[in-house]
Amino acid sequence: MKIQVNARNRAYQFETTEGEKILYAGLSEAIGLPYECASGTCGTCKARLVSGEVIDGWPEAPGRKYLKDDDEFLMCQCAAKTDVSIEVASFVQPIEADVCVPAAMKGVISSARLLTPDVIHLQVRLNQPMEFDAGQFMLVQAPGVAGYRGWSMVNHQREAESLEFIVKKKPGGGISEWLFNTDCEGVEVDLFGPLGQATFYPSLAKNVLCIAGGSGIAGMLSILSRAAQNDYFSQYKGDVFFGVQTLKDAFFLDEFSKLRTLCGDNLNVVIALSKEEAPASALNDHPQLKFDTGYVHDVAGRHMQGGYQNVRAYLAGPPPMVDAAIRVLLQARMTTDNICYDKFS
Amino acid sequence: MSKIRICNTAEIPSNGMKEYDTEGGLKVLIANAGDTYYAYQGLCPHQEVCLAEGYYDGAVLTCHQHLWQWDITTGKEVGTLAEVPLEKYEVQVEDGEIFVVQSSALKAAQLFMDVSDDTLQRLDLLARREKYGSGGVLYNIGDPTDDLYILESGRVEFLIGRDGTSPAGFVLRKGEVFGWAALLENQERRIAKATSLEDSVLLRLNGEATLKALESDPVSGYLVMRKLSTLITRHLGSQGEK
Ligand SMILES: Cc1cc2nc3c(=O)[nH]c(=O)nc-3n(C[C@H](O)[C@H](O)[C@H](O)COP(=O)(O)OP(=O)(O)OC[C@H]3O[C@@H](n4cnc5c(N)ncnc54)[C@H](O)[C@@H]3O)c2cc1C
Ligand code: FES
Ligand code: FES
């Protein structure tokens with residue numbers, strides 16, 4: 001099918017195959033169509049159908065609540081049935097040459113291990129090496145579970161042959177039930193990516209502030225490992241706030257201690273517990289980490305007071321946590337071009 | 001739009017904001033900053049979410065959806081995310097009541113938002129309001145580039161190519177200026193055909209007369225030309241604005 005996209009600044013044409021979502025097809029052609037979640041919840045990818053017909057793969061998608069007229073649809077959920085012509089209300093630029101262009105690929109879950117009773121660490125071996133930026137995410141589709149899920153990469157390498165994810169169990173959730181109740185090692189999955197603009201490059205040359213709730217810490221680890229590879233924290237500060245309910249819900253504390261050793265005092269890691277005070281044992285076991293009590297955005301706000309100069313902030317986690325953190329940063333007078341976020345909606 | 005009563009000043013929290021639906025179906029946002037009240041379009045120009053649900057600290061308004069930001073005193077973009085300014089309405093406060101007035105339709109045009117009041121009045125006199133039905137042709141390829149246009153309502157499509165049938169793909173927003181070749185030198189012929197896609201209302205200004213008005217007010221003229229050059233770079237698909 002031929003797709004014609006009229007954006008505010010110019011037009012683009014590309015082809016889709018049967019069933020291929022219009023957003024993914026356009027992004028694969030290095031056309032920077034607007035999106036945020038790429039999975040039907042945020043409404044950012046909305047477009048207007050001018051001519052032709054589309055098939056909606058998920059008519060119940062929560063992101064449809066942002067649609068106003070009958071001729072609007074979500075590009076991340078709809079595939080073309082005929083040749084179509086659509087309008088996108090924003091500026092659309094080609095994806096820049098130094099940014100990785102997403103593609104569809106396959107992979108095999110090569111390891112799955114529980115980090116806590118409701119957090120699982122997955123490793124997916126790819127059928128082809130992939131470049132991605134620190135902080136990006138991937139769409140993953142498991143057999144028998146409808147729709148893609150967005151998961152942030154934990155690792156960061158050039159030409160990565162496998163991707164690591166951490167997934168939090170959502171009771172009753174489609175992929176959660178599958179992951180936590182099946183032996184998923186060896187299973188082949190479909191992937192599309194890399195996606196996401198909350199990325200970190202060493203050329204950023206700013207202090208880095210990470211605020212993450214639960215599995216939101218995934219992308220932060222990717223950013224920190226990229227930064228550590230470049231000895232970034234010898235020049236810039238890094239402040240990481242990792243929010244969980246109780247110490248039992250925390251994970252990767254040993255990895256954080258190692259990063260502290262590697263990066264030195266310019267890296268500051270605070271574990272924020274919302275439901276308890278940190279037991280003394282936590283401090284003994286992890287002398288290089290700090291522990292505090294409260295919601296992660298409040299804890300970050302307290303620790304960062306007066307420390308927002310030349311800062312780029314990365315936020316990830318459940319939408320209410322991300323919204324609360326944005327509010328804290330705006331109150332501190334950060335401008336939004338320095339606030340990058342992924343809402344795990 | 002004429003003068004519309006919106007609310008009582010007491011309803012607006014100090015350094016806060018509130019949205020109202022007017023009888024004409026317009027959503028307006030009223031914001032307070034110190035002693036002053038401001039009125040803006042109530043829906044985000046990006047994806048039409050309610051700005052009243054966003055963040056406002058008495059100086060900067062942020063849309064919660066994708067964090068576009070504007071200066072509350074001018075409606076201008078703050079930072080690099082916002083692609084367009086907010087449409088601002090003039091506010092009058094009388095006996096504790098807030099009224100919104102739209103004195104000049106041109107004020108909504110981004111290209112002219114920085115122009116002084118005097119010059120805006122002169123331009124207002126130049127502007128003609130025109131209505132086009134669906135399929136109505138504003139201009140054809142090869143036509144002289146005498147006039148520029150501002151979209152007040154409706155939708156306009158541009159067709160390019162030798163026979164004027166391939167869509168150029170621009171999607172215009174309300175308040176957007178097009179046909180700006182009328183302000184440029186050595187751009188005497190239209191390179192696109194512009195047609196109205198539905199019932200549309202446009203403001204049409206003669207390019208030469210507009211330039212004259214701007215020449216007599218070089219400060220305003222300079223600001224318009226700066227806006228125009230930004231506009232042109234964007235349409236060239238420039239990537240210099242990362
Ligand atoms: C940018 C981004 C990054 C994320 N990163 C992580 C991460 O690193 N770790 C993590 O644990 N979670 C992450 N999430 C959340 C993750 O995508 C899932 O929401 C989560 O894994 C729960 O999935 P579930 O199947 O258990 O829940 P469900 O409620 O069954 O589904 C959750 C999501 O799956 C999609 N979906 C469900 N049904 C359909 C359908 N019929 N058709 C199409 N799509 C459907 C929707 O997007 C829905 O919101 C991220 C989300 C986003 C947007
Ligand atoms: S990108 Fe399609 S709904 Fe979020
Ligand atoms: S909808 Fe307001 S910034 Fe996107």
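Of all residues in region A:50-73, those that are within 15 Å of ligand 2 (Cβ to nearest atom), farther than 23 Å from A:V140 by Cβ and in a strand (DSSP E or B) total 3. Inside region A:231-251, residues that are open to solvent by 20 Å² or more (accessible area, probe 1.4 Å) and more than 17 Å from A:R312 (Cα to Cα) make up a count of 6. Report yes if A:C45 is within 13 Å of chain B (Cβ to nearest Cβ), open to solvent by 10 Å² or more (accessible area, probe 1.4 Å) and within 14 Å of ligand 1 (Cβ to nearest atom), otherwise no. No, not satisfied.
The condition of being within 12 Å of ligand 2 (Cβ to nearest atom), in a helix (DSSP H, G or I) and crowded, with 20+ Cβ neighbours inside 10 Å does not hold for A:G40. Selection over region A:117-130 of residues that are surrounded by fewer than 15 Cβ atoms within 10 Å (Cβ to Cβ) and farther than 16 Å from A:V187 by Cβ gives a count of 3.
In region A:101-124 there is at least one residue that is in a loop (DSSP other than H, G, I, E, B) and under 18 Å from A:G196 (Cβ atoms). Name the single residue, out of those in region A:4-22 being closer than 18 Å to A:E72 by Cβ and surrounded by fewer than 23 Cβ atoms within 10 Å (Cβ to Cβ), that is farthest from the other protein chains (Cβ to nearest Cβ). The qualifying residue farthest from the other protein chains (Cβ to nearest Cβ) is A:Q4.
The rows are residues; the columns are (1) in the same structural domain as A:L221 (by TED's automatic domain parsing); (2) within 16 Å of ligand 2 (Cβ to nearest atom); (3) in contact (Cβ under 8 Å) with a residue 40 or more places away in the chain; (4) more than 24 Å from A:T199 (Cβ to Cβ).
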| residue | (1), (2), (3), (4) |
| --- | --- |
| A:G144 | no, no, no, yes |
| A:R158 | no, no, no, no |
| A:V167 | no, no, yes, no |
| A:T182 | no, no, no, yes |
| A:G186 | no, no, yes, yes |
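Would you be able to say whether some residue in region A:142-150 is within 12 Å of the chain's Cα centre (by Cα), away from ligand 3 (no atom under 16 Å from the Cβ) and not in a helix (DSSP H, G or I)? Scanning region A:142-150 turns up at least one residue that is within 12 Å of the chain's Cα centre (by Cα), away from ligand 3 (no atom under 16 Å from the Cβ) and not in a helix (DSSP H, G or I).
Before we move on, is A:V84 more than 12 Å from chain B (Cβ to nearest Cβ), of a type in the set (V, I, T), touching a residue at least 40 places away in the same chain (Cβ under 8 Å) and open to solvent by 30 Å² or more (accessible area, probe 1.4 Å)?
It is false that A:V84 is more than 12 Å from chain B (Cβ to nearest Cβ), of a type in the set (V, I, T), touching a residue at least 40 places away in the same chain (Cβ under 8 Å) and open to solvent by 30 Å² or more (accessible area, probe 1.4 Å).
Can A:A97 be described as more than 20 Å from A:G219 (Cβ to Cβ) and under 18 Å from the mean Cα position of the chain (by Cα)? In short, no. Of the residues making up region B:167-198, those that are of a type in the set (S, T, N, Q) and surrounded by 15 or more Cβ atoms within 10 Å (Cβ to Cβ) are B:T195, B:S196.
Within region B:77-113, the set of residues being part of a loop (DSSP other than H, G, I, E, B) and more than 11 Å from the chain's Cα centre (by Cα) comprises B:G79, B:T80, B:L81, B:A82, B:E83, B:D95, B:G96, B:Q102, B:S103, B:S104. For region A:185-196, filtering for residues that are open to solvent by less than 40 Å² (accessible area, probe 1.4 Å) and either in contact with a helix residue (DSSP H, G or I) (Cβ under 7 Å, 6 or more places away or on another chain) or more than 12 Å from A:G107 (Cβ to Cβ) (or both) leaves 4.
Check B:V115, B:V156 and return the single one that is touching a helix residue (DSSP H, G or I) at 6+ places or on another chain (Cβ under 6 Å), surrounded by 19 or more Cβ atoms within 10 Å (Cβ to Cβ) and not polar (S, T, N, Q). The conditions single out B:V115.
Scanning region A:102-112 turns up at least one residue that is in contact (Cβ under 8 Å) with a residue 12 or more places away in the chain, open to solvent by 10 Å² or more (accessible area, probe 1.4 Å) and farther than 28 Å from A:D183 by Cβ.
The values are calculated or read from the model by the stated rules, or taken from the named source; none is laboratory data. On a predicted model such as this, the values are computed, not experimentally measured, just so you know. Positions of Cβ are generated from backbone atoms using ideal geometry, with glycine treated the same way; all protein chains shown enter the neighbour counts. Accessible surface areas use protein heavy atoms only, side chains included; no ligands, DNA or RNA. Shrake-Rupley method; radii C 1.70, N 1.55, O 1.52, S 1.80 Å.
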